[in-house]
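Only one structure is covered here, and it is reproduced in the block below.
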Amino acid sequence: MYLRSLSISLVLILLVHDNGWAQPAAPIRPWMNAALSPDIRADLVIKEMTLDEKIQLVHGIGWGPLIPGSPLPADNNGGAGEVLGIERLGIPSVQQADSAVGVRMAAPQSRYSTLLPSVLGATSSWDIEVAHLYGDVIGRELRAQGYNQSIGGGVNLARDPRNGRLFEYAGEDPLLAGVTVGNVIRGIQDNHIMGDIKHYALNDQETGRAIVDARLSKKAARESDLLAFEIGIRIGQPASVMCSYNKVMGDWACENDWLLNRVLKGAWHFPGFVVSDWDGTHSTEKAALAGLDVQMPGEEYFGAPLKKAVGSGRVAMTRLDDMVHRLLRSMFNAGVIDHAPTPRTVVDPFRGLEDSQHIAEESIVLLKNDGVLPLQSSSLRSIAVIGAHADVGIMSGGGSAQVDAPGGNAISPTTPTQWGEAVYFPSAPLRYIREHAKRAVVSFDAGTNLSSAVAVAKGADVAVVFADQYMSESGDAPTLSLPGKQNQLIAAVAAANPRTIVVLVTGNPVTMPWINQVAGVMEAWYPGIASGQAIANLLFGTVAPSGKLPISFPRTESDLPHAHIFGLAAPSATQGESLGFWAVDEEKRQSLTADYNEGVRFGYKWFDSERKEPLFAFGFGLSYTRYQYSHLQVEPRAKRVSFTLKNVGSVNGTEIAEVYVGLPKSSGENYRRLAGWQRVALSAGQEKSITVTLEPLAVATFDEKKDAWIWHSGQYTVSVGGSSRDLPLQTTVALY
């Protein structure tokens, strides 16, 4: 009795604080020990959870702010989705935000978010550091706004250059795309924010995206679209993979055992969780057993129906525990529990703008220059700026990637923006061109009247025509042509002024029937919040262009593997002008098949194997200087390529040196593969020795029967140069 009283007294003493009052002891939570591994911590939590709490963690709460009137819990952060946490166990809610090119839906909370250049644009930099910076901007602004998961990370390959979401993705090559997006994810997660990679897999068109069935061989899938995911996951180690709306080889992607269990979690050993795209879940038992871990955004399948399936044994408790484990270990691994974001702190808009401008300046691609660029402000007396609302702002991409413009849409700031409406950001190229050319008269014409535009252009020393193309989730471009009558505008201005420069602000490649009439062409993509500054700096040579295309530009649609987007009829000549920016599929059909019989042969591989000449080749981009390649050497066992690169011009510049490999004849392939690259800064006259290590999977093929990658014996052709069609160095060697 005495010992028992002594023990109680000691406990009471320990609980007494300076104020003299006993405080309740904090709950013992061994999973909060950061020295333990994320997996152990997750398992410790699961041991304390009830069945209802487990079910709570494997589905979202509903559409929330995405649909007015949807119920919102008190802690909801106003993002695209939320998974409710377990307060008694110290597990916070997962607050998810659309964040493909910046944090979406900031305006309703009076927040600011930086609009970055499109992902396709950033990929044009071929710069790993820029990719990491891209993710860092998103990650730090998510933290500042109280989110703990990004649901960006698009890595779907550009099988069709008319895809409405192409601006969210990283081009047509699996190595370039995977490396770029993997480093974006690293940048996000370095801020203790959970990253994501999507849309897994083969969500390569928006037309009929909820019904389309993508068909191709497993070999082709592993060597193309899935290879981009494999590389991206290896580098980025994302917390989650978002499965896509479409079917793959007959099964919905979010209940596809081959995709989720056999490849993602089996072959790649992915330890994180699989989350459905919003309303991309179609079943309870099949989806859970096939590898889906979290349904978003509601609970139709993974709420009460899953609880019932677990209770009856149709879904094993061990599988439910695995689903919960994957989410919890991702939260611990990313640090969102140990380093929880502080909601509603202030985003630094100046830092975001500077970073966005830097990314844009590396992303803009100079496609043609007949000596007109860079513009010399000292010798210019007059400049005509024409078209695309360049007097007030620059277009951005739409859909769930749409970042709110500060002050509202620059072309109609007092009107609320609707889904599918082009939003212009207030970074007017006209203003920054005037800042560079202070001695010149810089005039603007809207470009809506050909006679007026021609008159302004005819009297100017140089004409700069801006042309844009709106692209968005939920639709695809019916053609590769610039929308409206912009082609006629460019042709008319070029006829009036031979010193015409075209600046393209587009989400996708476009055809250029006027290419031989103009003196210069720049592809600016969607260049972000600091677009006006970046474009002007490149036009006037303050920054030398260094970007190169991550996607081929066809001459016509007939040069593509498929003349039309699957399920989207080709418009007539008259319809093409009236379709506006993009075409929406009504999705009234019950099924739609996309037969990707080209396999891995799309983009530059298609042009090479079909011996077609693109308008502009993959990897192409001009500079204001010239480069010389020499002294190629290959180390076969190490799979390393060395060469010398020299800037032989009079201007400092940065070259993207690209390495391609052609496989032995025994592979049956007749095209090259990008196998590595290096971005190299060189002063005028400077020479450097460069070494590039080849990506092993870029020089291998996938054997379906062995379910493994194999390397062929024989002679590989190694080529080095400035684009997929400009390869001055070449040798053959056996790679071991």
Residue hits (segment 463-519; farther than 23 Å from residue 428 by Cα and among the acidic types (Asp, Glu)) are 473, 476
Could you go through segment 289-309 and let me know if any residue there is part of a helix (DSSP H, G or I), touching a Lys or Arg at 6+ places or on another chain (Cβ under 8 Å) and more than 16 Å from residue 53 (Cβ to Cβ).
yes
Does residue 428 meet the test of being touching a residue at least 24 places away in the same chain (Cβ under 8 Å) and either surrounded by fewer than 24 Cβ atoms within 10 Å (Cβ to Cβ) or touching a Cys at 6+ places or on another chain (Cβ under 6 Å) (or both)?
yes
Does segment 232-240 include one or more residues that are outside the structural domain of residue 658 (by TED's automatic domain parsing), assigned to a helix (DSSP H, G or I) and closer than 18 Å to residue 160 by Cα?
no
Every pair of residues 6+ apart whose Cβ atoms lie under 7 Å, when the first sits in segment 534-545 and is in a helix (DSSP H, G or I) while the second is among the hydroxyl-bearing types (Ser, Thr, Tyr)
536/432
Return the residues of segment 636-682 that are closer than 19 Å to residue 128 by Cα and hydroxyl-bearing (Ser, Thr, Tyr); say none if nothing qualifies.
654, 660
On the basis of being modelled with pLDDT of 95 or more, in the same structural domain as residue 47 (by TED's automatic domain parsing) and surrounded by 24 or more Cβ atoms within 10 Å (Cβ to Cβ), does residue 330 make the cut?
yes
If a residue must be of a type in the set (Asp, Glu) and in contact (Cβ under 8 Å) with a residue 12 or more places away in the chain, how many such residues does segment 85-103 contain?
1
Collect the residues in segment 346-392 that are of a type in the set (Lys, Arg) and either surrounded by fewer than 17 Cβ atoms within 10 Å (Cβ to Cβ) or closer than 18 Å to residue 187 by Cα (or both), keeping them in residue-number order.
351, 381
I need every pair where a residue in segment 552-578 that is more than 17 Å from residue 166 (Cβ to Cβ) and modelled with pLDDT under 95 has its Cβ under 9 Å from the Cβ of a residue that is part of a helix (DSSP H, G or I) and among the polar types (S, T, N, Q), sequence separation at least 6 or different chains.
571/578
Options 398, 393: the member that is assigned by TED's automatic domain parsing to the domain that holds residue 459, modelled with pLDDT of 95 or more and within 22 Å of residue 463 (Cα to Cα)
393
Within the set of pairs 6+ apart or on separate chains, which have a first residue in segment 404-419 that is at negative phi, a second that is surrounded by fewer than 14 Cβ atoms within 10 Å (Cβ to Cβ), and C-beta atoms under 8 Å apart?
409/415; 413/407
Is it true that some residue in segment 441-455 is hydroxyl-bearing (Ser, Thr, Tyr), in contact with a helix residue (DSSP H, G or I) (Cβ under 9 Å, 6 or more places away or on another chain) and in contact (Cβ under 8 Å) with a residue 12 or more places away in the chain?
yes
Pick from segment 174-219, criterion touching an Asp or Glu at 6+ places or on another chain (Cβ under 6 Å) and in a helix (DSSP H, G or I), ranking: surrounded by the most Cβ atoms within 10 Å (Cβ to Cβ):
187
Going by the conditions given, is residue 223 in contact (Cβ under 8 Å) with a residue 60 or more places away in the chain, charged (D, E, K, R) and surrounded by 24 or more Cβ atoms within 10 Å (Cβ to Cβ)?
no
Considering each of 660, 629, 671 in turn, give the residue that is modelled with pLDDT of 95 or more, over 30 Å from residue 217 (Cα atoms) and of a type in the set (Phe, Trp, Tyr).
629
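The values are calculated or read from the model by the stated rules, or taken from the named source; none is laboratory data. Note that the coordinates shown come from a computational prediction; the quantities given were computed from them, not determined experimentally. Every residue, glycine as well, gets a Cβ built from its backbone with ideal geometry; the counts of neighbours run over all protein chains shown.
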